[in-house]
Amino acid sequence: MPTGLRARDASREAALELRRAGVPEPGASAEVLLSELLGVRRGEIPFHDPPLTDEQARLYAAWIERRANREPVQRILGRAYFRNLVLQLNEETLIPRPDTESVVDVALECLDGRGGAGAVLDVGTGTGAIAISIAQERPRTTVYATDLSAQALEAARRNADQNGASVSFHRADLFDGLEFLQDGVDLLVSNPPYVEAGGIEELAPEVREWDPGVALDGGPDGLLFYRRIFDEAPPLLRNGADVVLEVGDGQGKAVLELGGDAGFVPLGLREDLAGTPRVALLRWEG
Ligand code: GLN
């Protein structure tokens, strides 16, 4: 990218380059990266058109080249926005999705039915997005979170600290080693891996090549972790506990049925902001 270029011209050229590379929504990527480069909000770009310094021009060109290789904007910047939070990422954390914000909405609704308090467990926390949001938005809860990946937990712990949230993190394969929670929790929440075998290859390169496979791979039919959750969670659930699970497109009915077969009360599905059934809600009656 030539130096001395003004910001908006640089962004326009970048968008063209991304379009040529086949990147979806090239203008959005070019603008988000430019706003981060300039340290302004995206909506303020029309009022900010400084010439880029040599260093800014070099950095922007490097970011655009990475985006042209289908690296997601959040990976390039190393952070993602989720509800009120800015969350640091690393290679073992899934990028938190807007769809998952609806999982938090349903979880908060359940907690509000309990006076905004209670013990909460988030399994497979990744960046900590769900657990940290709950701890921050309902400070009278006690929130526990697990992940199999030590590296993901490192990011999650730092994210909780940086967002001033108190979450107790534990390295665990779902519920292993959580015997100290013997009094049980009031709410179990999870966005487990739910992509079926063979489905990962069909995902966009941003997901397929950059999100950790273990955070996506839900076994042969995508439902492996729901079976495991319904099978393994009961000893950790209080009577009447709410269970809030993110589900993949078209999986909702099957997940409610699996829960029903395992003795949970299926309460229904909730949609995400795009109108897709995204959240399965069940209750454990003990
Ligand atoms: N929502 C992710 C996707 O679209 C999948 C996340 C998951 O498996 N929990 O690929």
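Just so you know, all these numbers are worked out from the coordinates, no wet-lab data involved. Computed from a predicted model, the values in this text were never measured in an experiment. A quick note on method: Cβ atoms are made from the backbone with ideal geometry, for glycine too, and the neighbour counts reach across all protein chains shown.
Note: relative contact order over the chain, using C-alpha pairs below 8 Å and six or more positions apart, is 14 percent. Think of each Lys and Arg Cβ as +1 and each Asp and Glu Cβ as -1; about the Cα centre, that makes the dipole of the stretch 135-248 roughly 500 debye. Approximating the spin labels as points 7 Å out from Cα along Cα→Cβ, the Thr142-to-Asp183 distance works out to 0.4 nm.
Compared with the alpha-carbon gap, the fully stretched path from Val86 to Asp49 is longer by 10.7 nm at 0.36 nm per residue. With both residues required to sit in the chain, DSSP beta bridges show an antiparallel share near 45%.
Averaging the Cα positions of each part gives two centres, and for the stretch 28-63 and the stretch 90-169 these lie 31 Å apart. For Arg278, nonlocal amide neighbours, meaning residues 5 or more places apart or on other chains whose placed amide H falls under 5 Å from its own, are Arg270, Glu271, Asp272. Could you check the spin-label model distance between Leu16 and Arg158? Points 7 Å from the Cα along Cα→Cβ, value in nm. With each label placed 7 Å out from Cα toward Cβ, I get 3.8 nm. Across the stretch 138-148, rounded Karplus estimates of 3J(HN,Hα) from the backbone phi angles (6.51 cos²θ - 1.76 cosθ + 1.60, θ = phi - 60°) give 10, x, 8, 8, 10, 10, 10, 8, 10, 8, 6 Hz, Gly and Pro being marked x. 3J(HN,Hα) couplings calculated from phi for the stretch 244-254 with the Karplus curve 6.51 cos²θ - 1.76 cosθ + 1.60 (θ = phi - 60°) are, in sequence order, 10, 10, 6, 10, x, 3, x, 8, x, 4, 4 Hz; Gly and Pro show x. Working from label points 7 Å from Cα in the Cα-to-Cβ sense, the Ala254 to Arg208 distance is 2.1 nm.
Put a plus charge on the Cβ of each Lys and Arg, a minus charge on the Cβ of each Asp and Glu, and nothing anywhere else: the dipole of the chain about its Cα centre is then about 760 debye.
Amide H to amide H distances under 5 Å link Arg79 with Leu89, where only residues 5 or more positions off or on other chains count and H is placed in the peptide plane.
Normalised by 2.2 N^0.38 Å, where N counts its residues, the alpha-carbon radius of gyration of the chain equals 1.10. Dividing the mean sequence gap of close Cα pairs (under 8 Å, 6+ apart) by how many residues the stretch 7-69 holds gives a relative contact order of 44 percent.
Placing unit charges on each Cβ (+1 for Lys and Arg, -1 for Asp and Glu) gives the stretch 91-284 a dipole about its Cα centre, and among Pro266, Ala152, Gly113 the Cα reaching farthest toward its positive end belongs to Gly113. Taking amide H atoms as placed 1.01 Å from N in the peptide plane, the amide H of Gly240 lies under 5 Å from those of Trp284, Glu285, Gly286, each 5 or more residues away in sequence or on another chain. Charged neighbours of Gly27, selected by a Cβ distance under 9 Å, balance to 0 (K, R count +1; D, E count -1). Rounded to whole numbers, the Karplus 3J(HN,Hα) couplings from phi for the stretch 273-282 are 5, 7, x, 8, x, 10, 10, 9, 10, 9 Hz, using 6.51 cos²θ - 1.76 cosθ + 1.60 with θ = phi - 60°, and x at Gly and Pro.
Between Glu232 and Arg42, the contour length at 0.36 nm per residue exceeds the alpha carbon distance by 63.9 nm.
The ranking of Thr146, Thr125 by Cβ neighbour count inside 10 Å, starting from the fewest, reads Thr146, Thr125.
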